[in-house]
Amino acid sequence: MGANEHGVCIGNEAVWGREDVSDEEALLGMDLVRLGLERADTAEKALDVIVDLLEKYGQGGNCSEGGMAFSYHNSFLIADRNEAWILETAGKYWAAEKVQEGVRNISNQLSITTKIDREHPDMRNYAKQKGWWDGTKEFDFAATYSYINTAKMMVSPGRYCEGYRLLNKHKGSITFGTMAEILRDKPSGINMEGDFLTTASMVSILPQDSSLPCIHFFTGTPDPERSVFKPFIFVPNISQLLDTSSPTIEFEDPVKKKPLFKSKPDRRHPLYQEHQQALKVIDNKEEKAKTMLDNMKKLEEQLFKEMESILVNKHLDVDKVVNLFPQSVQDEIQIYKSNMSS
């Protein structure tokens with residue numbers, strides 16, 4: 001997930017289906033997110049970038065370090081100030097749906113059914129050749145390219161259905177607080193635990209009024225229930241984000257040595273390290289945990305009020321915003337340190 005200076009935001013999820021996943025080195029979903037953000041100034045242009053790269057280079061390869069093989073296809077949620085798209089893939093084949101009303105989400109399954117606004121030119125022919133579609137009944141991308149019964153998709157348990165239910169509950173009145181609450185929800189599976197822990201979370205406010213800034217809130221840490229959403233605004237001369245930058249690993253980096261990913265270096269940035277130490281306190285010391293979580297909540301509420309004021313008053317102090325995210329990170333780290341040392 002990420003955002004760029006044009007207000008384009010992209011999130012991606014791992015998906016699987018009938019089409020085999022390639023273990024051969026190719027573009028990962030995270031690569032496609034980064035390249036889409038680097039090269040596009042609208043949501044649909046980002047979609048174009050991603051599908052062009054899929055056609056030219058393909059997707060696949062191991063996305064996990066340390067020896068465990070883990071590969072998948074990808075779905076993407078792509079949005080800007082004016083429009084949003086869902087892009088879902090199976091190898092080089094893909095379908096895209098323009099979001100025109102209501103709420104929409106993605107999760108670890110294909111979800112585009114019969115509303116297909118753009119598609120790979122050979123997607124249907126390939127499905128016919130594989131025997132997945134007879135060429136006569138209405139084409140349903142998710143049903144054809146995966147094993148999902150799309151008639152029951154919206155009532156079956158799972159992250160996709162639960163995510164849609166939570167969004168739909170607040171349709172028409174979704175705020176930053178609403179989105180943060182949904183991302184923190186563990187019973188639904190949105191906020192994942194265990195081996196596939198939610199590693200970071202993001203909420204973006206994309207005003208249709210182009211005179212207002214897009215505001216992006218990032219945790220930069222796992223488990224949003226025990227993290228702080230911190231605001232970031234693209235402005236000139238932004239301060240370098242040292243406390244949320246992973247360390248540089250030169251020649252010994254396993255992404256540069258073949259076979260790839262056979263070792264797992266410590267890529268934790270300073271905020272991540274402090275956050276992990278704080279979690280030990282939260283898990284083991286009830287009184288300190290309450291104080292720390294209360295202070296984290298107060299910091300987040302204060303930051304959101306400041307951002308809300310920018311949007312309401314239509315005034316952006318660029319000199320202040322230059323250090324907005326780094327200062328927020330420092331304030332969060334200070335909360336952790338003060339509670340661990342007291």
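The values are calculated or read from the model by the stated rules, or taken from the named source; none is laboratory data. Computed from a predicted model, the values in this text were never measured in an experiment. A quick note on method: Cβ atoms are made from the backbone with ideal geometry, for glycine too, and the neighbour counts reach across all protein chains shown. For accessibility, only protein heavy atoms count, side chains too; no ligands or nucleic acids. Shrake-Rupley method; radii C 1.70, N 1.55, O 1.52, S 1.80 Å.
A few points about this structure:
- Given (1) under 30 Å from Leu206 (Cβ atoms); (2) open to solvent by less than 60 Å² (accessible area, probe 1.4 Å); (3) in contact (Cβ under 8 Å) with a residue 24 or more places away in the chain; (4) over 24 Å from the mean Cα position of the chain (by Cα), number of the condition Lys288 does not satisfy: (1)
- Among the residues of region 163-206, those that are more than 18 Å from Gly220 (Cβ to Cβ), open to solvent by 40 Å² or more (accessible area, probe 1.4 Å) and hydroxyl-bearing (Ser, Thr, Tyr) comprise Tyr164, Ser173, Thr175.
- Residue match in region 109-126 (condition: farther than 27 Å from Met202 by Cβ, out of contact with any Lys or Arg (no Cβ under 8 Å at 6 or more places or on another chain), among the aliphatic types (A, V, I, L, M) and free of Cβ contacts under 8 Å to residues at least 12 places away in the same chain): no
- Options Tyr145, Tyr160; residue that is under 16 Å from the mean Cα position of the chain (by Cα), over 19 Å from Phe229 (Cα atoms) and surrounded by 13 or more Cβ atoms within 10 Å (Cβ to Cβ): Tyr160
- Failed item, numbered, when Ile86 is tested on (1) among the β-branched types (Val, Ile, Thr); (2) farther than 19 Å from Val49 by Cβ; (3) touching a residue at least 12 places away in the same chain (Cβ under 8 Å): (2)
- Restricting region 304-323 to residues that are of a type in the set (A, V, I, L, M) and part of a loop (DSSP other than H, G, I, E, B), the residue that is most open to solvent (accessible area, probe 1.4 Å): Leu316
- Some residue of region 58-79 being touching a Cys at 6+ places or on another chain (Cβ under 7 Å), under 21 Å from Ile116 (Cβ atoms), in a strand (DSSP E or B) and among the small types (Gly, Ala, Ser): yes
- Hey, Lys297 on the phi < 0 side of the Ramachandran plot and at pLDDT below 95 or not: no
Residue-wise test of (1) open to solvent by 80 Å² or more (accessible area, probe 1.4 Å); (2) in contact with a helix residue (DSSP H, G or I) (Cβ under 6 Å, 6 or more places away or on another chain).
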{"position": "Gly220", "(1), (2)": "no, yes"}
{"position": "Pro224", "(1), (2)": "no, yes"}
{"position": "Ile249", "(1), (2)": "no, no"}
{"position": "Asp253", "(1), (2)": "no, no"}
{"position": "Pro265", "(1), (2)": "no, no"}
{"position": "Val281", "(1), (2)": "no, yes"}
{"position": "Asn284", "(1), (2)": "yes, no"}
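Residues are listed down the side, and each one gets a yes or a no for (1) among the hydroxyl-bearing types (Ser, Thr, Tyr); (2) surrounded by fewer than 14 Cβ atoms within 10 Å (Cβ to Cβ); (3) within 23 Å of Leu28 (Cβ to Cβ):
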site	(1), (2), (3)
Gly60	no, no, yes
Ala69	no, yes, yes
Arg81	no, no, no
Glu119	no, no, yes
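- Verdict on Ser210 being open to solvent by less than 80 Å² (accessible area, probe 1.4 Å) and among the small types (Gly, Ala, Ser): no
- Residue match in region 25-46 (condition: open to solvent by less than 40 Å² (accessible area, probe 1.4 Å), touching a residue at least 60 places away in the same chain (Cβ under 8 Å) and of a type in the set (A, V, I, L, M, F, W, C)): no
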